[in-house]
Structure formats: structure tokens, C-alpha cells
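Q: Structure incoming, see below.
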Amino acid sequence: MWSFNVSHFLPVLPRFQQGMPILAGLVVTLLSVGDAHASVARLEADLQAQWGRGEQLIEIGELREQEQRVIAEHIVIRQAQGDVVTIEAYHVQGDYDQPESVSFHGIRVIEPDVSDPVLTLTELALDRPGAAVPDFANFTTPDAPLHGLRLQELSLWLDGTLAKQWTAEWGNDAALTGYLTLQALVLEEMSDAALGRFELQGLKAEFNDLALGFSASLGLDELSIRGLEGLDRPGQEQLAWAEVNGFSLTGDRWSILLERAWASGNLYVSDMGFQGAALDMGALIDLAPPQERRDLQAVNNVLTGGSGRLNAAGRSASEWHEDTQPPQLKAEGFLQLSEAGEVSYQMALPVTLPGRATIEQAMQHPALFETARLHGGNVTLAYKDAGLLPRLATELATQEGISTSQMVAQGWAQARQFERLAGPQVAKLMVALVDIMGGHAQSLTTHIALPDPFTLEQFMMDPLGSSQRLRVTFELK
């Protein structure tokens, strides 16, 4: 198929004063043609070796070389159990020994006795896979991260054997039917220690659990994670950004919705929150195992007053301010539950990091915050009740078989006992919360002034003794 005759070009050479560059170019051309032959032959051999093992058979319709690519088309893989995998095209881009990428196009998995494909995939591409036909069984190792994976338009029917194998790993007794579709997925630089990028778009699914009589629809517009580091160092994880948009899980007379959620930073300096969360428990309690229904109904009574509907939003954000001496760590946040209550906080802490550590180093090694010295500082905690604590008193009274007023009285007595165990400040806090349970107040604001000096490590080593050094005041309204 490939042929090239150098003699055709020999008459042309005397016309050029510098014939060597032309001759060199011809040599490169000849070698590239030879490489094309070799690469095509190697691809056929490698595909046969990787996907034609044992009783598994592979058929390749056509192999060719085109524009720095080696291509195999019309691939059919017949597995021993009868499954058939068809691939419209397989591309190897760049140098064959160290390709820039490999990609599958038009994947279909067909199972015996199933009329339609149980899996279809428009495209699957791998960046820098390390081989023209990589071994997927050992594709990622601690020393060889996954450099890049791109997936386009996946459809999976859960009725097939392939899906049943996956659901069996989740503890399901192969009674799950339905389908799942995914518009796109991207993975970059994934290893045991870090994840460079993960993006998922357009996830939709329908689930039917025949054993439990449970049906649900799942939707997710987008999930994105970027710059996640420190996975091999517990407590030192660092996240550049993560975001979820448009999550929904709905069934017959129940739903769980989330408009948006996000996170960035680490354990000490971060920004995370969510908005547009909505829960409609409805018939969900009836689908729970009988032994769990009573507890779920109790939670429903306390959180929603028995309606089963709850809306929520929240945020927690902290920042490092170096324009003051000493620098300050400031944070604020809130959690709001409709028909239940709201908790919020504010914090300003003057901090000196140990040694000559900088905030950049502390962000990379959050444990430095544990030994940092606090020069006083203030923390304010606020709670506004919208029915949560009074309903909690009623629910506890019902379970004990006493009146709500008796339960509140018991709560006051128990709260005062905390003075001997945890000091007067904790006892005052507990008494104030019982006042809200009894309907005598609706909000509580707690102001905490920290001593100078003070360290988080001291508090973790001796929380009870450290709390005695705090100056605490309460506002009950």
C-alpha cells in the first residue's frame, strides 16, 4: 500500500545549491512512512495481545495511519460469556511509544438476550497513558497518576449484567432497574495525593428498586473540583475550589433538592456554604425500614413540626488579615433552617504563627495553627429559635410520658447540675437553652473573650481547664 521511490527526486537535486537539507527531508519522509507501517502493525499486535486474551476474541476491520495518528476501526470484542463490545474507532495520537493520548470512539456493549446496548459511550480519551494500548487493570499506581481522562455522552441501562455487577458491590441484591446518562466527565492529574481537576456535567438517572418498591429520579447539572492536595496527609488537605450545581433526588411525594454548594481552603482558612436546599420528606419515612421509622418521625416532628418540609442555607468563611499587628484570623458564618432556627457566629482572633512561619506555609501545613499563639480575641455565637427547641421539649416529653412543663422543669434541674461538672458558665448556657425550650425566650447570644496568650493546642489538651480562662457573657431575649 505504501511505496516511495527516491530516484524520482534525483534529477531535482542539482537545481539546488544546498541539496543536503532536501535529502535530509526525504530521509525523514522515508522513515516516517516506515514508522507508519511499523506503528500500524504494532497497534494490531498490541490490541490482539491486550483484548484478545484467553477465550476473548477481537476482530479489527481496518488499520491506518493519518496525520500523526494510528487508527484502528470497526473493532469487535467477543467475550466468553457472550457479551459483545463494539468500538467504531481507536486512535493513538503522537509518538507510538509515548503517545500524547489514546481515544475510543463509539463504544457499545451488547449483552445476550438484551435487545438494546446496555452501555453506549460516544468518546473516551486518555492523556499521556504511557502506552498505545494501556493495561486498564493496572492503569493507576502511586507512582503513575492518571494524567487525564475525558468522557462524552455515556448511557447505562441498569437492567443488564454489567450494571448488576456494579450494584452488587453496593450491597444491592441485583433488584435495581432503570438507566443512567452522563453528558461529560473530565479527570486530570489524579493520584493518591492529589486531584488536579474533576468535572462532571449533565448526570441523570432513573432508579427502580424492585425488592423495596422504591423509585427515584436523580439529577445533577454540574460537579467541579479543582486543586485538591494533601490527600496523603490527613488533616492537611487543601482545596482550591469545589462546586455543586443543580442536584435533585425525587420520588413519589418526597424530594431532596440543592441549588448550589461550594468549598475552598483547608480546615482553618476556608469558604464553604450551600443555598437553595429543600427537603420534602413526605412518603420517605414510610419507605424506611420499620425499626427506623419511629426515630425518623421524631426527627420530622422536631425539625419541621410534622410537615416534612424544610428549607436550608448556610455559609462559613474565614480570612487571614495581615494588615494588622499581630495579624488576625477573621471568620463568620450561619446555618438557617426554615421553621426550625438559625445559628450564626463571628470571630476575630489576633494570631502569631510559630517561629518564622508565614500564612502561606500555614495554609500548606494547617497543623501550624494548632501551636499558633492567640493574643486575646472575640467569638460571638447567636441562636434564633423558630420552633426547634420547644418542639424538642414536646417530643422528649411524649417519649417519657410526661407533660412538656414537667420536661422543662427536669431540664432546668439538670442544667444547674452542670455547674459542678463544667463550671458556672456552661451551666448558664444550659439554663438559657432550657428557657428557650420552655418558650420563655426566643434568642440567645453568647460573647466569648479569649485570654492572652492562648493556644488551640492548650484547649485540645485540657478543654475543661481552658474554658475556665474564658470570659463569657450571655444575652437572652
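Q: Once both axes come from the Cα atoms, what is the angle between helix 404-422 and the longest principal axis of the chain, in degrees from 0 to 90, rounded to 10?
A: So the helix axis and the longest Cα principal axis differ by about 80 degrees.
Q: Measuring from centroid to centroid over Cα atoms, what is the spacing of the stretch 433-456 and the stretch 211-246 in Å?
A: Value for the Cα centre distance between the two parts: 34 Å.
Q: Give me the accessible area per residue for the stretch 418-477, probe 1.4 Å, as a whole number in Å².
A: 61 Å²
Q: Over the chain, with every protein chain in place, what whole percent of the accessible area is carbon and sulfur at 1.4 Å, could you tell me?
A: Taking all protein chains in place, the chain shows 55 percent carbon and sulfur surface.
Q: Along the stretch 240-257, what does the Karplus equation 6.51 cos²θ - 1.76 cosθ + 1.60 (θ = phi - 60°) give for ³J(HN,Hα), rounded to whole Hz, x for Gly and Pro?
A: Going residue by residue, I get 6, 6, 9, 8, 10, 10, x, 9, 8, 9, 10, x, 6, 6, 7, 6, 10, 10 Hz, with x marking Gly and Pro.
Q: Between the helical axis of 424-437 and the dominant principal axis of the chain, each derived from Cα atoms, what acute angle in degrees is found, rounded to the nearest 10?
A: On a 0 to 90 degree scale, this one is about 90.
Q: Suppose all protein chains stay in the model; what accessible area per residue would a 1.4 Å probe give for the stretch 43-93, in Å²? Could the numbers behind the result be given before it?
A: Numbers: 2740 Å² over 51 residues.
Result: 54 Å² of accessible area for each residue.
Q: Hand me the tally of lysine pairs in the chain: alpha carbons under 29 angstrom apart, and the pair either on different chains or 8 or more positions apart.
A: Count of close lysine pairs: 7.
Q: What number, rounded to the nearest 500 deg cm²/dmol, is the helix-based mean residue ellipticity at 222 nm of the chain, given -39500 (n - 2.57) per DSSP H run of at least four residues and division by all its residues?
A: Computed ellipticity for the chain at 222 nm equals -8000 deg cm²/dmol.
Q: Which is farthest toward the positive dipole end of the stretch 278-411 among S344, P354, G305, measuring Cα position about the Cα centre, with Cβ charges +1 (Lys, Arg) and -1 (Asp, Glu)?
A: Positive-most Cα among the choices belongs to P354.
Q: A follow-up question, please. How much length is gained on full extension from R253 to A288, taking 0.36 nm per residue of separation minus their Cα-Cα distance?
A: Values: separation 35, 0.36 × 35 = 12.60 nm, distance 1.41 nm.
Full extension of this stretch gives 11.2 nm more.
Q: Turning to a different aspect of this structure: Hey, what's the Kirkwood Rh for the stretch 70-120 if you take every pair of different alpha carbons, in angstrom? Write down the numbers at each step before the final one.
A: Working: mean 1/r = 0.0828 Å⁻¹.
The Cα-based Kirkwood calculation yields 12.1 Å.
Q: Right, something else. Select one label from [x] 68, 63, 49; [y] 107, 63, 34; [z] 87, 68, 39: the one whose number is Cα extents along the principal axes in Å as derived from the coordinates shown.
A: Comparing each candidate, only [y] matches the computed number.
Q: In addition: Could you work out the Rg to Rh ratio of the stretch 282-405, with Rh taken as the Kirkwood radius (inverse of the mean 1/r over all Cα pairs)?
A: Here Rg/Rh amounts to 1.19.
Q: Quick one: compute a quarter of the convex hull surface over the Cα atoms of the stretch 258-347 and quote it in nm².
A: That works out to 7.6 nm².
Q: Counting pairwise Cα distances across the stretch 390-477, what percent come out greater than 19 angstrom?
A: Across the stretch 390-477, Cα pairs with separations above 19 Å total 50 percent.
Q: Consider a paramagnetic label point 7 Å from the Cα of D113 along Cα→Cβ; state which residues of the stretch 188-230 have an amide N under 19 Å from it.
A: Under 19 Å, as judged by backbone N against the label point of D113, lie 210-211 of the stretch 188-230.
Q: May I ask you to give the solvent-accessible area per residue for the stretch 229-357, in square angstrom, as obtained with a 1.4 angstrom probe?
A: Working: 7030 Å² over 129 residues.
About 55 Å² of surface per residue is accessible.
Q: Then there's this: With N residues in the stretch 177-216, what two-decimal value do you get for its Cα radius of gyration over 2.2 N^0.38 Å?
A: 1.71
Q: Using only Cα atoms and rounding to the nearest 10 degrees, what angle (0 to 90) does helix 19-51 make with the longest principal axis of the chain?
A: It is inclined by approximately 60 degrees.
The values are calculated or read from the model by the stated rules, or taken from the named source; none is laboratory data. Everything numeric in this text was worked out from a predicted model, so none of it was measured. When we count neighbours, we look across all protein chains shown, and the Cβ atoms used for this are built from the backbone with ideal geometry, even at glycine. Just the protein is used for accessible areas: all its heavy atoms, side chains included, with ligands, DNA and RNA removed. Shrake-Rupley method; radii C 1.70, N 1.55, O 1.52, S 1.80 Å.
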